[in-house]
1. Looking at segment 92-145, which of its residues are among the small types (Gly, Ala, Ser) and within 28 Å of residue 202 (Cα to Cα)?
2. Among the residues of segment 53-63, is any surrounded by fewer than 22 Cβ atoms within 10 Å (Cβ to Cβ) and within 26 Å of residue 196 (Cβ to Cβ)?
3. Please go through segment 29-52 and give me each residue that is without any contact (Cβ under 8 Å) to a residue 60 or more places away in the chain and open to solvent by less than 10 Å² (accessible area, probe 1.4 Å), ordered by number.
4. May I ask you to say which residue of 116, 15 is in a helix (DSSP H, G or I), in the same structural domain as residue 157 (by TED's automatic domain parsing), surrounded by 12 or more Cβ atoms within 10 Å (Cβ to Cβ) and more than 13 Å from the ligand (Cβ to nearest atom)?
5. Within the group 90, 69, which residue is open to solvent by less than 90 Å² (accessible area, probe 1.4 Å) and within 13 Å of the ligand (Cβ to nearest atom)?
6. Quick one: in segment 93-113, of everything that is outside any loop (DSSP other than H, G, I, E, B) and open to solvent by 90 Å² or more (accessible area, probe 1.4 Å), which residue is farthest from residue 54 (Cα to Cα)?
7. Going through segment 166-182 one residue at a time, which ones are more than 15 Å from residue 144 (Cβ to Cβ) and open to solvent by less than 10 Å² (accessible area, probe 1.4 Å)?
8. Give segment 23-47 a look and list any residue that's farther than 17 Å from residue 77 by Cα and within 16 Å of the chain's Cα centre (by Cα), or say none.
Amino acid sequence: MKLKSSKQRSISSTRWLQRQLTDPYVIKAQKIGYRSRAAFKLKELNDQFHFLKPGKNVLDLGAAPGGWLQIASECVKPDKTKAQLVGIDLLEINPLPYVTLIQGDFYEEATIDAIRQALNGKADVVLSDMAPSTIGHQSTDHIRMMGLCEAAWALAQEVLIPHGAFVMKLFQGGMEGEILKKLKPRFDKIKHVKPPASRKESSEIYLVALGFKG
Ligand SMILES: C[S@@+](CC[C@H](N)C(=O)[O-])C[C@H]1O[C@@H](n2cnc3c(N)ncnc32)[C@H](O)[C@@H]1O
């Protein structure tokens, strides 16, 4: 499908639109009813490492528009009494059954307090797909992403149960080594994974850490 150029549309947004219209993951997500193509990344990670299971309590950081929450929900099957599923983002997320949603900045103490309250205890799995809005200046984007990763890891250490799992998005290009050094002694197994649904041209990569040592 070729898009007609429009005077109102910039070259980069025409390219983005062109890519969205032809991307097989976008088309598949629309067909199934997933809110984002990112849903397939979590599905592929979980198919490989099996950290999402029925009854698990899951915290999803940077959850909007909700694709990861949909996958987590399919796997943990939350209900009123057992598994808890909590999602937070700067942006509003449309409701999902038995999922607690928090809108707020993860850097603010009030948001962290709301998460602690919603979790009502500990989490078996902490997921973070958080990413800053990039400006294209590599070292600035890198520092911003590093800040989010550090903050996600700080909370994960507090809320994860022993043997829990932590899955987090990173940018490739130096960051992986630093984070790995901190996390390695705290987990039984750590892997860096680029799931097939992650675009080749994107520098994102996922860290999957299993068996939290507490
Ligand atoms: C790649 S998107 C997440 C997509 C999501 N996993 C899904 O499947 O629909 C990254 C998200 O991180 C969120 N984010 C970035 N900085 C944040 C912050 N300081 N606090 C909370 N959320 C943040 C953004 O608002 C954005 O929605």
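1. 104, 128, 131, 133, 136, 139
2. Yes, the conditions are met somewhere in segment 53-63.
3. Residues satisfying the conditions are 29, 39.
4. 116
5. On the way: 90 fails: open to solvent by less than 90 Å² (accessible area, probe 1.4 Å).
Just one listed residue meets the conditions, 69.
6. First, pick out the residues of segment 93-113 that are outside any loop (DSSP other than H, G, I, E, B): 100-103, 109-113.
Those left that are additionally open to solvent by 90 Å² or more (accessible area, probe 1.4 Å): 103, 109.
Values: 103: 26, 109: 30 Å.
Checking each candidate, the answer is 109.
7. 166, 167
8. Scanning segment 23-47 gives 35, 36, 37, 38, 40, 41, 44, 45.
The values are calculated or read from the model by the stated rules, or taken from the named source; none is laboratory data. Since the structure is predicted, the reported quantities are computational estimates derived from the model, not experimental observations. Note that each Cβ is placed from the backbone with ideal geometry, even for glycine, and that neighbours are counted across all protein chains shown. These accessible areas exclude ligands, DNA and RNA; they are computed on the full protein's heavy atoms, side chains included. Shrake-Rupley method; radii C 1.70, N 1.55, O 1.52, S 1.80 Å.
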